[in-house]
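The block underneath contains the structure these notes are about, expressed in structure tokens.
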Amino acid sequence: MTSAGLPDAEAALAALIARMLPAVAHDAAFVGIYSGGAWIAERLAARIPGKHPLGFIDVSYYRDDYALSGLKPNVKRTALPFDVGGSTIVLIDDVLYTGRSVRAAINELFDFGRPDRIELAVLVDRGGRELPIEPTYVGERVAVARDLSIVLSRDPGGTLSLGVEPTSGVA
Amino acid sequence: MKIEIAQGRVVDSAAGIDRVAPLYIDAGRIVGIGDAPENWRADRILDARGCVVCPGLVDLSARLREPGLEHKATLESELAAAVAGGVTSLACPPDTDPPLDEPGLVEMLKHRARTLNQAHVYPVGALTAGLRGEALTEMSELAEAGCVAFSQADIPLVDTQVLLRAMQYAGTFGHRVWLRPQDAHLARGGVAHDGEVATRLGLPSIPVSAETIALATILALVRESGVPVHLCRLSSAAGVAIVRAAKEEGLPITCDVAVHHLHLADTDIGWFDPLANLTPPLRSTRDRAALRAGAADGTIDVICSDHAPVDDDGKQVPFGEAETGATGLELLLPLTLKWAAEDRVPLPEALERITRAPASVIGIGEATLAAGNPADICVFDPQQAWTVGRQSLKSQGKNTPFLGLEVIGAVRWTLVGGEVVHERNGKD
Amino acid sequence: MSRNPQLGRNGELVHLLTLEGLPAEVIAHILDTAEPFVSIAEREVKKVPLLRGKAVFNLFFESSTRTRTTFEIAAKRLSADVINLNIGASSTSKGETLLDTVDNLCAMNADMFVVRHSQSGAPHLIASHLTTMGRSYVHVVNAGDGRHAHPTQGLLDLYTIRHYKKDFRALTVAIVGDVLHSRVARSLIHGLTTMQTAQVRVIAPRTLVPARIEALGVKVYNDMREGLRDCDVVVMLRLQSERMKGALLPSPGEYFKHYGLTDEKLALARPDAIVMHPGPMNRGVEIETAVADGARSVILPQVTFGIAVRMAVLSIVAAN
């Protein structure tokens, strides 16, 4: 545990992988939500055996807080280099909180086609859901004060770490 | 009614007076300055301490919008605006609806103005029937009805043969001819000065040559016919230079500028402000500097308001569709004072441009405060500031590019024929 | 110069009226925002829900099927409700003024006006009227006003140039044709100078060059061959048919002889120069078919980028 009561990100990732290994379909596509989820998706694709097409999704255009906070700069290009229709997808994010990003991501996925099944894998689940969304795989569960945001970062060597910062604007 | 204007600074360039002195009025006329007439006992004393007492202002171009355009303004509203601005005599151009090309229209206008008993109205008759530039009007009939001069207003006379003949005919009988120099073809479709601002904003433009070509044409015809002409609304440095040379040559010409052209330039159009859509167009800052210098050195004889009340419907449209013109009667004095203060023109000389000089162009005597003359007088506080706003303007036309500007110089009393027709409190 | 009326208190883009005076960061932000929008057309569902429930009124006082359609597609790809109004013939002929029309549409809860008008400055008038009426939450996007501005065309031109040429500061760009009447030229000139383009040239006969255009930061050439020399980008302007004969130009044929873009003239530009045109083209008047359809023409990509750029503008403005 770090000083803020957060788990070590690499340990959480190992725990997530351990939960996914016995359960995840061998051909499930891994789709990471930018930016933290994308790093995790890359790591999962490298560690979990099977044939896992890798995709990335930027949910900026599907957020429900656009009218409040506008469009953030540097929206990434959503890239799903596989046929979404009929696929099994594991949606991957770093921190699961209100559930709004996941809602946006599911909506966006459906604009590319109709998947057979969507699962959700998260590095940490901090509770506080505002939507009825349940993760399929969780690395660690944590408790953090409402006025703090959990932020995942990656050092040049590729090592992941978790930190907190005061919440700015909308979660 | 005996009125004494007490302790004001009497400024009258015609009489060569500039001193603090009482001024005495009886039976509509000025009866003395300084020394009271025998057995003087005033019915009313106007305390003019700190004020300037000068002849009533004379404006060479004030559109009253009658007949025909009463939705924009009426004689009642505009003559009230005139006296509120210290203007006691004004000439109105013939671009009414219908144009002033028949004696009946002129008589009606004169009659309406007389009954209102405010500023004196001097109609300018149409030079050609319907201002169409084809056939001459009955100038002598119109003059008898009250026209003091003849012009085409802002509508250029394209046919130079008709122009020459109109001048010759008017000259035969000593009628005054006023012409606004603008070439119809070069000005066609244009709404702004042909320069950087019009290019940036993509506004169809009018080159300076539209003015200089028309000036050269008119001056050539003046040379040929010997008929004097008053040139209206110069807008460019090149125009001022041509007029200066023509005066040196000895040609019988006078000219005027609209007071807004002394203060504004095309840059004041900003982002398409329709209030800055004027005729002639606002030109460059260099042109404005030349106009100011020309007014100071006397090349430009007269400063006028070019009063044109335009309603909101005429201005709340895209720049190029806006009606041209601005309300001006109430701004003539403060804007002239502003120019004089900024360019260090002595007050008597500045006042001369809006009193004695225009009176002479109209041909209505001296505009002086010398004893025996009609008591048409303006008393103004040269220190008092006020803000140009929709509420503060009496004119029905509230549109002027000076809206919101604080100006200095407020008319306290205006007298026409010895009667107080406008009165304003010392402090707002 | 008065405050730029299209920027809000914090410098955010509230309306898009002109590229003049827009900071380089704002322009770059629009171009950056447009980039991911280009790929939305490749999706099965070619839209994103950014402007869902917003009412975008295409207010066209001057007919233009092409521009109206690109704005319509852009708004629909953002999931906005689009209402097309061709007012040219209807309301104004019944005596309704421009601002009457705007007030009426505001009463129908418009969120945004995309305005095309034959008078320069009409979108500015609408924007300032909305402020006066306390409706500053309604946005105005200029889709071309008189000769003044066509900012989204200018932006898509910038996008295209950046896409093919990367760094504006190393480029020489020539704009050829009827600059006098061209809002496309004015917007592109402002955009290019703001992005610090090395040299912007205009090439035209004297009858089609407006007064003191040099003050906008361009170099004027009357001789096309001289003007094209070493250019990286050649932008051809459309010549309106009513201007092909008369006092501005004697004939389309003579115009083509001097200012039409041919392979032979294009050879004077850099070997990798690109050719652009805002469309619709007059083949054989300002551009020959071999060039318009040639390897250096990026005229069709311009159209594709145009939709993404308009999506970027609509989504940025709507959020401010």
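The values are calculated or read from the model by the stated rules, or taken from the named source; none is laboratory data. Every value quoted in this text rests on a predicted model; they were computed, and no experiment measured them. We place every Cβ from the backbone using ideal geometry, glycine too, and count neighbours over all the protein chains shown.
Restricting to the stretch B:346-365, name every residue that is buried (at least 20 other Cβ atoms within 10 Å of the Cβ) and not in a helix (DSSP H, G or I).
Across the stretch B:346-365, the qualifying residue is only B:THR355.
Pick from A:ARG43, A:ARG103: which is within 14 Å of chain C (Cβ to nearest Cβ) and basic (Lys, Arg)?
After ruling out the rest, the residue left standing is A:ARG103.
Which residue is farthest from the other protein chains (Cβ to nearest Cβ), if the candidates are limited to the stretch B:242-264 and must be touching a residue at least 40 places away in the same chain (Cβ under 8 Å) and either in a loop (DSSP other than H, G, I, E, B) or among the small types (Gly, Ala, Ser) (or both)?
B:ALA258
Checking C:SER297 against (1) polar (S, T, N, Q); (2) within 30 Å of C:ARG68 (Cβ to Cβ); (3) modelled with pLDDT under 95, which single condition isn't satisfied?
Among (1) polar (S, T, N, Q); (2) within 30 Å of C:ARG68 (Cβ to Cβ); (3) modelled with pLDDT under 95, C:SER297 violates only (3).
Tell me, please, whether a residue that is within 14 Å of chain B (Cβ to nearest Cβ) and under 15 Å from the mean Cα position of the chain (by Cα) can be found in the stretch C:222-244.
Yes, the stretch C:222-244 has at least one match.
Picking from B:ARG41, B:ARG9, which residue would you name as being among the basic types (Lys, Arg) and part of a strand (DSSP E or B)?
B:ARG9
For the stretch A:109-144, which residues satisfy the criterion of being assigned to a helix (DSSP H, G or I) and crowded, with 19+ Cβ neighbours inside 10 Å?
Selection gives A:LEU109 alone.
Can you tell me how many residues in the stretch C:111-136 are touching a Cys at 6+ places or on another chain (Cβ under 9 Å) and in a helix (DSSP H, G or I)?
Looking only at that region, the number is 1.
Does the stretch C:226-246 hold any residues that are part of a helix (DSSP H, G or I) and small (Gly, Ala, Ser), and which are they?
Hits for the stretch C:226-246 are C:GLY227, C:SER241.
Identify, from the list A:ALA4, A:ALA29, the residue that is at pLDDT below 90, more than 14 Å from every other protein chain (Cβ to nearest Cβ) and surrounded by 13 or more Cβ atoms within 10 Å (Cβ to Cβ).
Of the residues listed, the single one that is at pLDDT below 90, more than 14 Å from every other protein chain (Cβ to nearest Cβ) and surrounded by 13 or more Cβ atoms within 10 Å (Cβ to Cβ) is A:ALA4.
Closer than 19 Å to B:ILE155 by Cα, crowded, with 21+ Cβ neighbours inside 10 Å, touching a residue at least 12 places away in the same chain (Cβ under 8 Å) and not basic (Lys, Arg): does that describe B:ASP306?
yes
If I ask for residues that are at pLDDT below 95 and hydrophobic (A, V, I, L, M, F, W, C), which ones from the stretch B:373-390 would you list?
Those that are at pLDDT below 95 and hydrophobic (A, V, I, L, M, F, W, C): none in the stretch B:373-390.
Scan the stretch C:1-54 for residues that are more than 9 Å from every other protein chain (Cβ to nearest Cβ) and part of a helix (DSSP H, G or I) and report the count.
Total satisfying the criteria: 10.
When residues of the stretch C:142-180 are filtered for being part of a loop (DSSP other than H, G, I, E, B) and either of a type in the set (S, T, N, Q) or in contact with a Cys (Cβ under 9 Å, 6 or more places away or on another chain) (or both), how many remain?
1
Any residue in the stretch B:278-295 that is within 14 Å of chain C (Cβ to nearest Cβ), touching a Pro at 6+ places or on another chain (Cβ under 6 Å) and assigned to a helix (DSSP H, G or I)?
no
Among what's in the stretch C:113-168 and is aromatic (Phe, Trp, Tyr) and under 19 Å from C:LEU22 (Cα atoms), pick the residue that is nearest to the chain's Cα centre (by Cα).
C:TYR159
Out of C:MET224, C:MET195, which single residue is in the same structural domain as C:MET276 (by TED's automatic domain parsing) and over 27 Å from C:THR18 (Cα atoms)?
Exactly one of C:MET224, C:MET195 is in the same structural domain as C:MET276 (by TED's automatic domain parsing) and over 27 Å from C:THR18 (Cα atoms), namely C:MET224.
Which one of these is assigned to a helix (DSSP H, G or I) and either out of contact with any Phe, Trp or Tyr (no Cβ under 9 Å at 6 or more places or on another chain) or among the aromatic types (Phe, Trp, Tyr) (or both): B:LEU109, B:LEU69?
B:LEU109
Can you pull out the residues in the stretch B:171-210 that are more than 14 Å from chain C (Cβ to nearest Cβ) and surrounded by fewer than 19 Cβ atoms within 10 Å (Cβ to Cβ)?
Answer for the stretch B:171-210, where residues must be more than 14 Å from chain C (Cβ to nearest Cβ) and surrounded by fewer than 19 Cβ atoms within 10 Å (Cβ to Cβ): B:GLY171, B:THR172, B:PHE173, B:GLY174, B:ALA184.
For A:VAL90, all conditions in the list (1) in contact (Cβ under 8 Å) with a residue 24 or more places away in the chain; (2) surrounded by fewer than 16 Cβ atoms within 10 Å (Cβ to Cβ); (3) among the hydrophobic types (A, V, I, L, M, F, W, C); (4) not in a loop (DSSP other than H, G, I, E, B) hold save one; what is the number of the exception?
For A:VAL90, the failing item is (2).
Could you tell me whether C:SER251 is in the same structural domain as C:THR172 (by TED's automatic domain parsing), loosely packed, with under 14 Cβ neighbours inside 10 Å, at pLDDT below 95 and under 25 Å from C:THR152 (Cα atoms)?
Judged against the criteria, C:SER251 is not a match.
Among the numbered criteria (1) within 14 Å of chain B (Cβ to nearest Cβ); (2) surrounded by fewer than 17 Cβ atoms within 10 Å (Cβ to Cβ); (3) within 22 Å of the chain's Cα centre (by Cα), which single criterion is violated by C:LEU216?
Here C:LEU216 meets the rest and fails (2).
Name every residue in the stretch C:293-320 that is among the small types (Gly, Ala, Ser), in contact with a strand residue (DSSP E or B) (Cβ under 9 Å, 6 or more places away or on another chain) and in a helix (DSSP H, G or I), in order of residue number.
Selection gives C:ALA318 alone.
Can you report the number of residues in the stretch B:313-345 which are part of a helix (DSSP H, G or I), among the acidic types (Asp, Glu) and more than 10 Å from every other protein chain (Cβ to nearest Cβ)?
Within the stretch B:313-345, residues that are part of a helix (DSSP H, G or I), among the acidic types (Asp, Glu) and more than 10 Å from every other protein chain (Cβ to nearest Cβ) number 1.
Of everything in the stretch B:296-312, what is part of a helix (DSSP H, G or I) and farther than 24 Å from B:ALA359 by Cβ? Give them in sequence order.
B:ASP312 - this is the single residue of the stretch B:296-312 that is part of a helix (DSSP H, G or I) and farther than 24 Å from B:ALA359 by Cβ.
Looking at C:THR193, C:THR197, C:THR172, C:THR207, which is the one that is hydroxyl-bearing (Ser, Thr, Tyr), within 14 Å of chain B (Cβ to nearest Cβ) and more than 16 Å from the chain's Cα centre (by Cα)?
C:THR207
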